[in-house]
Amino acid sequence: MQNQFIQTLTAPVENTLTYLRNEKAATIEQPGMSVAPKQTMYLWIFGLWIASLIWFEPRLLQLLNIAISPLQYVSILLLIIFIDFAWLYGIYNLGIISFAVFYKLTNKKRLAAAAELTTCPSTALLYTTCNDFSEKSALSCLQQNYPDFKLYILDDSTEECFKKRVDDFAKCDADKILVVRRPDRINFKAGNMNYALTHVANKQKYFAIADADEILPKDFLRRLVPVMESDPQCGFVQANHRANPDAETQLQQDMAVGIDTHWKWYQPLRNQYGFVMFLGHGALLRYDCWKMINGFPNIVSEDLGFAIAVREKGYRGKFEENVTCYEDFPDSIRSFRIRHMKWTRGTCEFLNKKFWWLLKSKNISWAEKADILFPTLNLPLTLVFFVFMVNTNIIMPSLFGHTQNLTWVFAGNEMVIPVIQLNEGFGVINSPDFYAITLLTLLSPVLCFIIAMRKTPVKLFRFLSYSTALYAALSILSSIGVIAYMISGKAIFLVTGDKNQSLQKQASSKKGFAGRLKDKYSQFINKSHPDSLFVQLLEVIVGLIFLIAAIKTMQIAFFGLCFAFMLLPLLHHLGWEKRITRVISFLPFVMILFGVMFGVLSIFGMQSVFFGYGFHF
């Protein structure tokens, strides 16, 4: 039964399964040594994508026959291009899940990566904090059962209360703890770590990094050091993560399963089929690698920058799923949105500074490059999804639509609603197979959650509802972040756990209206902070415009998404603790689910559900 399942997953590429079986033995026989990643998964992904283009593209290209003006031609062409790449991302997610299943089936008996500790090289443990110090997290770093390590608390805090808490904690073991405060705060987290590794923690063979909210297991160093010792070509070992079981807020508790499931499905298989990324915390790194690349790159995404730089030097990372750290989901909607803006602008910065360097890299294989770029491009591509929404829900109805009365009957009473229907020529894509690939594109990003929670449907429904209200609604915020970075060229390291962090008020009382307006514009472009009223108003206004378009075109699923666009800024202020907000957050997913089910009518000629192609962005 298992072989039949695996063959089904790998059907698009002939001999894939045989190839995997032939290479399996070498991986198990030498668990300690780094091996080049296999290209099989991305051959499968691109093979299936090309097959889908061969099957569907002729019908998509027929849509160009509808165009009678250059503007109409461009509009349809943009639609086709977006759908093609949306399918690619849908198949990418399907490929990850398929090969994650295969990886688990073929590695059940693999040897544990952490052998017995035979040598104990000196190791530094860097705990980074900035107005978000946690005694519990720092204590987990201090309580390592490893004989030769020192804890360095890299304190970038600006508030005296946090500095005092750090100093008080350091007094509990002065021999084992050293507090490091640099004279400036340039280059964000990268600058903080580079300063410590240059001036203080520069004698150890390895160093580990822990975030302010992270809980390390007591054997974290004891189990990861042997992995590094057994393989001189291993540049870093990334530990596994799970949601903190002692989460304090309702939001953290509700979204914990998302952390657990994502790490379980999307990370372990990269040891064999992709690029193992250093994810910024919960990892052990080789000091010589840090020195070889002249320190962490001075960008917000310093973790990814480090990983690709050491890979270019011939070193690889490893993911150790048997060593589990605990991390917190952001404790509030506000913190969640701040973290997302940091990630969005940080990713834009990485692509701006490293994209062409990565493509030209000689030591990083094409499969590894693909594995880096697929998740990295995801956030900036949100702006492309925004353009897609404008094109398909505003421009196309105005170019190709005609008004038609839709009659609803309730308890014997008729209600006539004028709606916009697209040109009949769009009927060429109203077919069962087209609807099926649309559904695949829509569901592929959440497929791992569906599989993980298939036996608890109520839990699954609740989680998907919450995720839709949070993640699916981030499109406008992400687009704002991408546009602001394109204008300013700056990425700001917004500290998720800094509860008092806010927009810096500029002294503008003596300035005129034009001066104050310029200050506001500068703040918006340079930070795009989710606390900004202007950012929140943009989300609501754009969401409202799309909402009207969704009503006019009877796009029920898109209506649900637009409602989420408008709801998220409201949740920013209301919070997640109120039961009413959690109840309201069910509405977007319910409408999307109903709209997708209603969309099956496209098979019988009803207007196609374009919304589904971009959901995962």
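Points worth noting:
- Beta carbons closer than 6 Å, at least 6 apart along the sequence or on distinct chains, pair a first residue in region 67-88 that is outside any helix (DSSP H, G or I) with a second that is among the aromatic types (Phe, Trp, Tyr) for 67/73.
- Boolean, residue 115 is at pLDDT below 95 and open to solvent by 40 Å² or more (accessible area, probe 1.4 Å): yes
- In the set 207, 188, only one residue is open to solvent by 50 Å² or more (accessible area, probe 1.4 Å) and within 15 Å of residue 302 (Cβ to Cβ); that residue is 188.
- Exclusive hit being at pLDDT 90 or above and not aromatic (Phe, Trp, Tyr), set 93, 107: 93
- Long-range neighbours under 6 Å by Cβ, at least six apart or interchain, first residue within 24 Å of residue 427 (Cβ to Cβ) within region 42-60, second open to solvent by 40 Å² or more (accessible area, probe 1.4 Å) and aliphatic (A, V, I, L, M): 59/428
- Residue 155 vs. criteria of a type outside the set (Ser, Thr, Tyr), touching a Pro at 6+ places or on another chain (Cβ under 8 Å) and within 23 Å of residue 290 (Cβ to Cβ): no
- Exactly one residue out of 312, 321, 327 is in contact with an Asp or Glu (Cβ under 6 Å, 6 or more places away or on another chain) and either open to solvent by 10 Å² or more (accessible area, probe 1.4 Å) or at positive phi (or both): that is 327.
- Looking across region 244-275, the residues that are open to solvent by less than 10 Å² (accessible area, probe 1.4 Å) and of a type in the set (A, V, I, L, M) come down to 251, 255, 269.
- Taking the criterion of being of a type in the set (S, T, N, Q) and under 15 Å from residue 311 (Cβ atoms), the residues of region 236-294 that qualify are 238, 271.
- Listed by position, the helices (runs of 4 or more DSSP H) inside region 242-328 whose residues that are under 28 Å from residue 104 (Cβ atoms) number at least 1 are 250-266, 270-273, 302-312.
- Residues satisfying the stated conditions in region 331-344, i.e. open to solvent by 10 Å² or more (accessible area, probe 1.4 Å) and either assigned to a helix (DSSP H, G or I) or not charged (D, E, K, R) (or both): 332, 334, 339, 340, 342, 343
- Qualifying position, being on the phi < 0 side of the Ramachandran plot, touching a Gly at 6+ places or on another chain (Cβ under 6 Å) and open to solvent by 30 Å² or more (accessible area, probe 1.4 Å), among 148, 132: 132
- Selection status of residue 139, open to solvent by 10 Å² or more (accessible area, probe 1.4 Å), modelled with pLDDT of 95 or more and assigned to a helix (DSSP H, G or I): yes
- Per the conditions (1) at pLDDT 90 or above; (2) open to solvent by 30 Å² or more (accessible area, probe 1.4 Å), the sole criterion not satisfied by residue 478 is (2).
- Top-ranked residue of region 151-185 - restricted to ones that are free of Cβ contacts under 8 Å to residues at least 24 places away in the same chain and of a type in the set (A, V, I, L, M), ranked as surrounded by the fewest Cβ atoms within 10 Å (Cβ to Cβ): 174
- Test: residue in region 159-178 that is assigned to a strand (DSSP E or B) and under 20 Å from residue 132 (Cβ atoms): yes
- Residue pairs meeting the criteria (Cβ under 6 Å; at least 6 apart or on separate chains; first among the small types (Gly, Ala, Ser), in region 564-579; second assigned to a helix (DSSP H, G or I)): 564/469; 564/472; 564/473; 564/588
- Hits in region 367-392 (condition: open to solvent by 30 Å² or more (accessible area, probe 1.4 Å), in contact (Cβ under 8 Å) with a residue 60 or more places away in the chain, among the aliphatic types (A, V, I, L, M) and more than 18 Å from residue 302 (Cα to Cα)): 381, 383, 384, 387
The values are calculated or read from the model by the stated rules, or taken from the named source; none is laboratory data. As the structure is a computational prediction, the values presented were derived from the model and not from experiment. Neighbour counts are summed over all protein chains in view; Cβ atoms, including those assigned to glycine, are modelled from backbone coordinates with ideal geometry. Accessible surface is based on the protein model in full, side chains and every heavy atom, while ligands, DNA and RNA are left aside. Shrake-Rupley method; radii C 1.70, N 1.55, O 1.52, S 1.80 Å.
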